[in-house]
Amino acid sequence: MDGINLRNSFCAWIDLLGYGAAFYNSDWDLHAQEAINNLYRIKKLEPILHSISNPFCETLFSMNDGIIRNFDIPQNDALMIIQWLVDVLLKFKLLNDWDISNGFYGSRGVVTFGMRAQYRDYDTIGKGDLIQTSPQRREEYNKTKIIYTPNEMQMNTAFSKAYIIESGGSSKGLLKNRIHLDEKMLDKFVCYINQSKPTEFGLTDEDFEENGPCICKYNAVFEKCKKVLTVTANVNDATWDCLRIEFDNVIPYENDKQALTTHLFTPKRVFDSLYSPHDSGILEL
């Protein structure tokens, strides 16, 4: 498409629960103690809110009580895709645990798949671009950005779907303090993993000369009836489950007005042994 760049993306939208109530109760006065406490709530969460899995594929946007994690899906890099999903689930648990332990309400999240269309070749405009002045002054003025149009958010259908689904809240069956994975996102996750080409392990020169390269191939299976997602790693003659996600809820979601019909799977337990069957971890969501 001439002048428009299309990309496939996964997107996670995570929303802090009960955030607006403090401002409503304070009549939108930021001097009020309840509002101040709410601002400190975000400030203390900043190390988690601003942590990403991979700067080469992910872009994170922090918008007050909401977090957008956009992941442009790389071709033939199954490990990077798996790492992103694991990181989203891990950071969601950290966020929830910290927030609830400090007397707040935790968060709710939705992860979807979609396309994004980048139709502008710029993402910011500085003050100097709109002022007739000398080149030197323009450079100084342009340090102040006055228009933001992030590339990753230009017609991002994955984010649009995640936001619409999450905003339905409990009236649409979504659960508090849980992250919901769209069934269509999980199907695409499996396809991308299984379509990825085998990759080589990093080895020492001595190992390479003696044994040759270690070739790793990942295979994914999403068993909807059993509510399990499994990713198997095959390295030479060794095979192990490098990722296993067990779901405890399947929520039918219908929104005819926005043409969204799917099922939402909520992870309960994640078994993670990405690099070695001996270095496994269990994450209870």
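State whether the residues of segment 2-13 include one that is over 15 Å from PHE104 (Cβ atoms) and of a type in the set (Asp, Glu).
The answer is yes, given that some residue of segment 2-13 is over 15 Å from PHE104 (Cβ atoms) and of a type in the set (Asp, Glu).
Would you please name the residue that is surrounded by the fewest Cβ atoms within 10 Å (Cβ to Cβ), looking only at residues in segment 22-33 that are of a type outside the set (D, E, K, R) and in a loop (DSSP other than H, G, I, E, B)?
Looking at residues that are of a type outside the set (D, E, K, R) and in a loop (DSSP other than H, G, I, E, B), I get HIS31.
Return the residues of segment 62-85 that are part of a helix (DSSP H, G or I) and either in contact with a Ser or Thr (Cβ under 8 Å, 6 or more places away or on another chain) or open to solvent by less than 10 Å² (accessible area, probe 1.4 Å) (or both); say none if nothing qualifies.
Matches in segment 62-85: ALA78, LEU79, ILE81, ILE82, GLN83, TRP84, LEU85.
Return yes or no: is LEU39 open to solvent by less than 30 Å² (accessible area, probe 1.4 Å), under 25 Å from LYS176 (Cβ atoms) and at pLDDT below 95?
Answer is no for this residue.
If you scan segment 101-145, which residues turn out to be assigned to a strand (DSSP E or B), closer than 28 Å to LEU39 by Cβ, at pLDDT 85 or above and not aliphatic (A, V, I, L, M)?
Hits for segment 101-145 are SER107, ARG108, GLY109.
For (1) assigned to a strand (DSSP E or B); (2) without any contact (Cβ under 8 Å) to a residue 24 or more places away in the chain, each residue gets a yes or a no:
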site	(1), (2)
PHE10	yes, no
GLY20	no, no
ALA35	no, yes
ASN38	no, yes
PRO55	no, yes
LEU60	yes, yes
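Mind listing whichever residues of segment 39-64 are hydroxyl-bearing (Ser, Thr, Tyr) and under 18 Å from GLY103 (Cβ atoms)?
TYR40
Go through segment 146-158 and give me each residue that's assigned to a strand (DSSP E or B) and among the polar types (S, T, N, Q).
Answer for segment 146-158, where residues must be assigned to a strand (DSSP E or B) and among the polar types (S, T, N, Q): just ASN156.
Does at least one position in segment 241-248 carry a residue that is in a loop (DSSP other than H, G, I, E, B), surrounded by 12 or more Cβ atoms within 10 Å (Cβ to Cβ) and in contact with a Phe, Trp or Tyr (Cβ under 8 Å, 6 or more places away or on another chain)?
Checked against the condition, which is being in a loop (DSSP other than H, G, I, E, B), surrounded by 12 or more Cβ atoms within 10 Å (Cβ to Cβ) and in contact with a Phe, Trp or Tyr (Cβ under 8 Å, 6 or more places away or on another chain), segment 241-248 yields no hits at all.
The values are calculated or read from the model by the stated rules, or taken from the named source; none is laboratory data. Every value quoted in this text rests on a predicted model; they were computed, and no experiment measured them. All Cβ positions, glycine included, derive from the backbone under ideal geometry; neighbour counts span all protein chains shown. Just the protein is used for accessible areas: all its heavy atoms, side chains included, with ligands, DNA and RNA removed. Shrake-Rupley method; radii C 1.70, N 1.55, O 1.52, S 1.80 Å.
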